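Engineer: A single structure is presented below for examination.
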Amino acid sequence: MSALILEARDLELRFGGVQAANGASLKVHANERIAIIGPNGAGKTTFINLCTGYLKPQAGRVFFGGSDITALSPRAITRLGVGRSFQIPQLFLENTVIENLLLALSARERTWSPFLRLDRHPKTEEMWALLDIVGLKDAGRRVVRELPEGMRKLIDIAVALALEPKLIFMDEPTSGVSSHEKFQVMDTLTRALDARATTAIFVEHDMDVVARYASRVAVWAGGRIAHEGTPDEILNHPEVRETVIGVGV
Amino acid sequence: MARQLIIGAGLLAALIIFPLLSPWSTVILTVALCEGLAALGILVLLRAGQVSFGHGLYFAFSAYVVAFMAAARFGHEVLILVPVATAASGLLAALVGLFVVRYRAIFFGMLNLAISMVFFSLLEKLFSITGGADGKRVPRPTLAGISLERAEFELWIFYITLGLAVLAALGVARYLLSPGGKALEAIKSNETRLEYLGVSSRKVLFGAYVLSGLLAGLGGAVIALVSGHVTPELAYWVRSGEFVFIAILGGVGGVVGPFLGALMFQIIRGYAAVYAPETWHAVLGVMLLVIIFFAPNGLYGLMTGRKPAGTGQ
Amino acid sequence: MPPEMLLLAALDGLAYGSLIFLVAVGLSLIFGVLGVLNVAHGSFYAIGAYVAAAGVLALTGMGLPPWLAFPFFIVAAVLVGVIVGGLVETLLLRRIYGKEEVLQLLVTFAVFMILEDAQKVVFGVQPYFANAPMNWLGTIEVFGIFYTQYQLILIPTVALLVLVGLRLFLRRTAFGRAIVAVTQDRDAATAMGIDATRVYLITFIIGASLAALGGALSSATTSLTPGIGSGMIVLSFAVAATAGLGRIEGAAVAALLIGLGRSVAVYFAPEFDVLIPYLIMVAVLLIKPEGLFTTVQTRKV
Ligand SMILES: Nc1ncnc2c1ncn2[C@@H]1O[C@H](COP(=O)(O)OP(=O)(O)OP(=O)(O)O)[C@@H](O)[C@H]1O
Ligand SMILES: [Mg+2]
């Protein structure tokens with residue numbers, strides 16, 4: 001198997017009475033496509049928040065590329081090459097789509113000269129190309145606030161991709177997309193990830209998507225992994241079918 | 001953009017001609033430019049969704065630096081005093097900024113207010129150094145080595161300030177279009193995402209804060225020169241509030257806004273002095289409410305016909 | 001340093017801390033419930049003080065007994081809270097709930113400017129001094145030092161009553177619980193049939209009345225001049241921020257801390273007395289940015 005790039009070890013986090021992470025552990029290897037599935041409130045988003053520095057675990061550690069990133073800020077972790085998209089898209093709503101991407105580009109390239117105009121960034125074409133890949137080129141000059149949720153989710157992912165992360169967490173990438181478009185969206189995303197050799201972990205509720213795009217599946221329950229395996233193993237696992245997928249055997 | 005340039009050029013032309021037609025207006029217009037500069041600093045912060053009720057601090061600090069240097073006859077020369085005092089304000093802003101950029105919204109606004117009130121109290125209480133509530137006189141310095149008569153001096157200072165204000169406005173406009181300026185606006189729209197781009201929102205805000213301190217400082221330095229006198233009142237919350245008022249009145253949509261606002265402010269002050277001398281801040285308060293509720297983009301917004309932007313979150 | 005001076009400083013600090021507590025707790029309560037930092041809060045304090053002083057001067061002018069001042073203080077505070085506070089809430093604040101914080105700050109700042117001038121118009125700019133209630137209560141001897149009963153006993157007692165009363169009110173009464181419910185989750189509370197609009201109005205009136213009460217009590221101890229409101233808003237913010245905005249018991253501790261710190265400075269470094277509250281606040285905020293008594297964290301993503 002290829003190199004281990006991220007490891008979460010026994011993460012614990014309690015919110016009042018809720019144990020949102022309860023010994024959560026996961027090993028991620030280069031070029032994997034890991035799907036995280038599990039019921040609402042299982043702690044999937046919390047896990048992403050812990051791995052990307054938004055929340056600090058009360059116990060446990062996170063390693064990325066061999067170094068301990070548990071105590072680092074989201075900013076520092078992002079700079080190391082971990083990207084993320086959000087369950088609720090986090091975008092600059094008053095700006096255009098391309099401006100959102102260009103700001104990410106400027107962050108990546110550290111181009112902060114006050115004499116450079118953002119819309120004249122020398123690598124602007126690269127961002128248009130990225131928009132093209134995710135099928136949003138036509139919306140490039142629209143203000144994000146005016147766009148529907150499904151598009152915003154894609155823009156959110158595109159912004160994360162613009163940073164060229166080695167590893168990306170995507171929190172329910174297809175949740176705002178109608179069911180017949182999900183495959184199309186995942187196809188484009190997979191293409192973009194493959195082209196950049198980006199490893200991906202995504203939270204997903206649609207089992208058809210999981211079956212088709214995941215290389216490995218982790219079933220979340222009660223703040224930790226309950227089952228883990230290939231999509232085939234997991235989706236045919238009787239217990240998982242009952243508790244997560246909601247179909248009796 | 002084109003509209004911004006047209007309005008800016010129109011305003012500039014009017015400002016160039018006006019003092020020649022009516023010499024009595026020179027000082028008032030200079031004061032307007034100084035307050036416009038400070039309000040431009042407020043505009044920069046407002047772009048990040050932050051408001052400071054304490055920028056009188058930098059205005060006053062710079063003015064007192066001018067007064068002290070002038071009293072010490074040290075570099076008693078406009079071309080030395082103004083840059084030194086402005087830089088001193090920038091330094092002070094950097095120092096205070098290290099602390100305040102950790103905070104947002106309420107805390108940011110109130111901490112700035114608190115710090116400026118401390119400075120105000122010190123100016124009043126340390127009588128032996130600052131001259132207390134009476135303040136300090138600022139003897140007229142030379143300009144490029146030449147001692148000028150009062151009227152000439154005022155006219156020169158006006159045109160120099162006008163030139164500096166144009167430079168400042170163009171510089172700020174440029175900055176706001178740059179990636180750094182957009183990152184500044186990102187603090188207002190989504191700080192979480194900004195951090196997840198690997199950008200330090202504190203650093204971005206720090207830069208903007210120092211810039212705003214420099215702008216207020218530049219205004220304060222010139223005010224000290226043209227009024228020939230500095231008092232603690234320059235640091236009082238009322239002053240700081242006026243800068244915010246001017247920025248909101250003019251509108252934060254473009255860098256011309258604060259200067260439009262500052263001119264309007266002088267006109268209102270003129271009328272208020274006649275019709276409502278005791279309640280002139282109440283007049284400002286009422287106007288502020290009217291602008292916020294009915295013309296949220298200010299005068300500049302009215303002139304450019306921009307639709308009110310959504311204020312909800 | 002001489003022990004009597006330390007004792008005097010401590011007594012001053014207690015009286016002073018109790019006064020700022022009354023104002024700060026109102027500010028904190030309003031913030032906790034409405035989510036608005038009321039910059040005009042200092043004006044309620046100032047108006048309370050002026051109304052009380054004018055009332056006391058009128059009372060004594062008519063030859064009425066000075067003790068009448070005490071019930072009058074309460075009446076004055078409630079009147080100011082209901083009339084001025086009620087108007088501000090219904091006419092203005094109601095329109096900006098849930099908007100950007102900066103916008104809310106600007107609106108209350110505008111109210112502040114208006115109220116500051118309104119005071120000058122109504123009460124003039126000459127100092128008011130109405131210390132009859134303080135003299136009437138006389139002095140008391142503590143460890144060989146004579147101190148006014150008004151400052152040593154009355155003001156701290158009122159502060160303590162307010163603290164205990166607010167606690168009981170919020171925990172034991174139906175309306176108090178409604179306030180707490182709205183603070184925690186407005187939507188859920190509304191769904192349960194709580195009238196959030198009314199809760200906001202009454203909370204604002206209570207907060208404003210507390211500030212006015214602080215002002216009324218202070219009117220007997222100092223002479224009133226224009227501008228006392230602006231000093232008080234920053235000071236009470238310092239207290240509320242030191243405690244953590246929205247923390248009621250915390251505000252009492254922070255007010256004492258800041259009151260004591262300040263009165264020690266008055267005796268030992270008088271030029272810097274104004275600095276002390278802010279130094280304390282800055283020190284606390286550097287170490288604990290949410291304030292001393294805040295624990296909860298909210299999640300956004
Ligand atoms: N900041 C917080 N404060 C209190 N409780 C929290 C907080 N964040 C998460 N929780 C709780 O922790 C648990 C896990 O939440 P999380 O959002 O991680 O679940 P999830 O698996 O992502 O669910 P979903 O599928 O609905 O997105 C939930 O019970 C949630 O209510
Ligand atoms: Mg989730």
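Engineer: Under the rule of at least 5 residues apart or a separate chain, name every residue whose amide H is placed under 5 Å from the amide H of C:THR139.
Structural biologist: For C:THR139, whose amide H was placed from the backbone, the distant partners under 5 Å are C:GLN149.
Engineer: Additional query: Round to the nearest 10 and give me the degree value, 0 to 90, for the angle of helix C:101-123's Cα axis relative to the longest principal axis of chain C.
Structural biologist: 40 degrees
Engineer: Here's a follow-up. Working from Cα positions, state the angle (0 to 90°, nearest 10) between the long axis of helix B:179-189 and the longest principal axis of chain B.
Structural biologist: The answer is roughly 70 degrees.
Engineer: Ratio of region B:22-236's C-alpha Rg to 2.2 N^0.38 Å, to two decimals?
Structural biologist: 1.05
Engineer: What is the fewest-to-most order of A:THR78, C:THR173, A:THR243 by other Cβ atoms lying within 10 Å of their Cβ?
Structural biologist: So the ranking, lowest neighbour count to highest, is C:THR173, A:THR243, A:THR78.
Engineer: Under 5 Å between amide hydrogens, which residues at least 5 positions from A:LEU13 or on another chain qualify, with H placed 1.01 Å from N in the peptide plane?
Structural biologist: Those lying under 5 Å, H to H, from A:LEU13 are A:ALA20, A:ALA21, A:ASN22, A:GLY23, A:GLN58.
Engineer: Using a 10 Å cut-off around each Cβ, can you sort C:MET5, A:MET170, A:MET186 from fewest to most neighbouring Cβ atoms?
Structural biologist: In order of increasing Cβ crowding within 10 Å: C:MET5, A:MET186, A:MET170.
Engineer: About its Cα centre, how strong a charge dipole does the protein assembly as shown have in debye, to the nearest 20, once Lys and Arg get +1 and Asp and Glu get -1 at the Cβ?
Structural biologist: 520 debye
Engineer: Choose one of B:LEU170, C:ALA283, B:LEU40: the residue whose Cα lies farthest towards the positive end of the charge dipole of the protein assembly as shown (beta-carbon charges +1 Lys, Arg; -1 Asp, Glu; about the Cα centre).
Structural biologist: Highest projection toward the positive end goes to B:LEU170.
Engineer: Mind checking the dipole of region A:1-61: about its Cα centre, +1 per Lys or Arg Cβ, -1 per Asp or Glu Cβ, Debye to the nearest 20?
Structural biologist: For region A:1-61, the charge dipole is close to 60 debye.
Engineer: Assuming a viscosity of 0.890 mPa s and a temperature of 25 °C, what translational diffusion coefficient in µm² per second does Stokes-Einstein assign to region C:67-180, Rh being the Kirkwood radius over Cα pairs?
Structural biologist: Rounded to a whole number, D works out at 137 µm²/s.
Engineer: Explain nothing, just compute: Karplus ³J(HN,Hα) = 6.51 cos²θ - 1.76 cosθ + 1.60, θ = phi - 60°, for every residue of region C:4-21 in order, whole Hz, x for Gly and Pro.
Structural biologist: So the Karplus estimates, Gly and Pro as x, are 4, 5, 4, 5, 4, 4, 5, 5, 4, x, 5, 5, 5, x, 5, 5, 5, 4 Hz.
Engineer: Now a separate question. For A:ILE5, which sequence-distant residues (separation of 5 or more, or a different chain) have an amide H within less than 5 Å of its own amide H, given hydrogens modelled in the peptide plane?
Structural biologist: A:VAL28, A:HIS29, A:ALA30
Engineer: A further question on this structure: Could you tell me which residue out of A:MET170, A:ALA195, A:LEU147 lies farthest along the dipole of region A:147-196 toward its positive end? Charges go on the beta carbon: Lys and Arg +1, Asp and Glu -1, centred on the Cα centre.
Structural biologist: A:ALA195
Engineer: Would you mind giving the mean number of other chain beta-carbons within 10 Å of the Cβ of each residue in C:272-283, as a whole number?
Structural biologist: Rounded to a whole number, the mean comes out at 3.
Engineer: Step through the residues of region C:88-94 one at a time and calculate ³J(HN,Hα) from phi using the Karplus curve (6.51 cos²θ - 1.76 cosθ + 1.60, θ = phi - 60°), rounding each to whole Hz and writing x for Gly and Pro.
Structural biologist: 4, 5, 5, 7, 10, 4, 3
Engineer: Using the Cα centre of chain B as origin and beta-carbon charges of +1 (Lys, Arg) and -1 (Asp, Glu), tell me which of B:ALA221, B:ILE129, B:TYR209 is placed farthest towards the positive end of the dipole.
Structural biologist: B:TYR209
Engineer: How large are Rg and Dmax for region C:15-228 when only the alpha carbon atoms are used, in Å?
Structural biologist: In Å, with Rg to one decimal and Dmax whole: 18.2, 60.
Engineer: Right, another one. If contacts are Cα pairs under 8 angstrom and at least 6 residues apart, what is the relative contact order of chain C in percent?
Structural biologist: 38 percent.
Engineer: In µm²/s, what is D for region C:1-108 at 20 °C and 1.002 mPa s, where D = kT/(6 pi eta Rh) by Stokes-Einstein and Rh is the Kirkwood radius from Cα pairs?
Structural biologist: It comes out at roughly 132 µm²/s.
Engineer: Can you give the alpha-carbon Rg of region C:140-196 over 2.2 N^0.38 Å, where N counts its residues?
Structural biologist: Ratio of Cα Rg to 2.2 N^0.38 Å: 1.86.
Engineer: How long are the three semi-axes of the equivalent ellipsoid of region C:186-295, in whole Å, if each is the root of 5 times an eigenvalue of the C-alpha gyration tensor, listed from largest down?
Structural biologist: 30, 20, 10
Engineer: When Cβ neighbours within 10 Å are restricted to other protein chains, what is their mean count per residue of peptide A:111-121?
Structural biologist: 5
Engineer: Taking only Cα atoms and a 10 Å spring cutoff, compute GNM fluctuations for chain A and point out the largest among A:ALA30, A:ALA20, A:ALA129.
Structural biologist: A:ALA129
Engineer: Related question: Quick check on the exposure proxy: order A:LYS123, A:LYS182 from fewest to most C-beta atoms within 10 angstrom.
Structural biologist: In increasing order of surrounding Cβ atoms, one gets A:LYS123, A:LYS182.
Engineer: How big is the charge dipole of region C:15-228 about its Cα centre, in debye rounded to the nearest 20, if each Lys and Arg gets +1 on its Cβ and each Asp and Glu gets -1 on its Cβ?
Structural biologist: The dipole magnitude comes to about 360 debye.
Engineer: In a Gaussian network model over chain A where Cα atoms closer than 10 Å are linked, find which of A:LEU80, A:LEU11, A:LEU105 has the largest mean-square fluctuation.
Structural biologist: Among A:LEU80, A:LEU11, A:LEU105, the largest GNM mean-square fluctuation belongs to A:LEU80.
Engineer: Per residue Cα convex hull volume for region A:95-201, in cubic angstrom?
Structural biologist: Enclosed volume per residue, from the Cα hull, is 97 Å³.
Engineer: With an 8 Å cut-off on Cα pairs and a minimum separation of 6 or more residues, tell me the relative contact order of chain B in percent.
Structural biologist: 34 percent
Engineer: In units of 2.2 N^0.38 Å, what is the alpha-carbon radius of gyration of chain A?
Structural biologist: That ratio works out to 1.01.
Engineer: What does the structure give for B:277-287 when I average, per residue, the other chain Cβ atoms found within 10 Å of the residue Cβ?
Structural biologist: Taking all residues of B:277-287 together, the mean is 5.
Engineer: Given a Förster distance of 35 angstrom, what is the FRET efficiency for A:ALA30 paired with B:THR192, based on the Cβ-Cβ distance and rounded to 0.05?
Structural biologist: It comes out at approximately 0.80.
Engineer: Here is a follow-up. Any idea how far apart C:LEU91 and B:ALA276 come out in nm if each label point goes 7 Å out from Cα toward Cβ?
Structural biologist: 1.2 nm
Engineer: I've got another one for you. According to the Kirkwood expression over distinct Cα-Cα pairs, how big is the hydrodynamic radius of the protein assembly as shown, in Å?
Structural biologist: Averaging 1/r across every pair of different Cα atoms and inverting gives 29.8 Å.
The numbers here are math on the coordinates, done by the rules we state, and not lab data. Remember, it's a predicted structure, so these values are computed and weren't measured experimentally. Cβ coordinates were reconstructed from backbone atoms using ideal geometry, including for glycine residues, and neighbour counts include every protein chain displayed.
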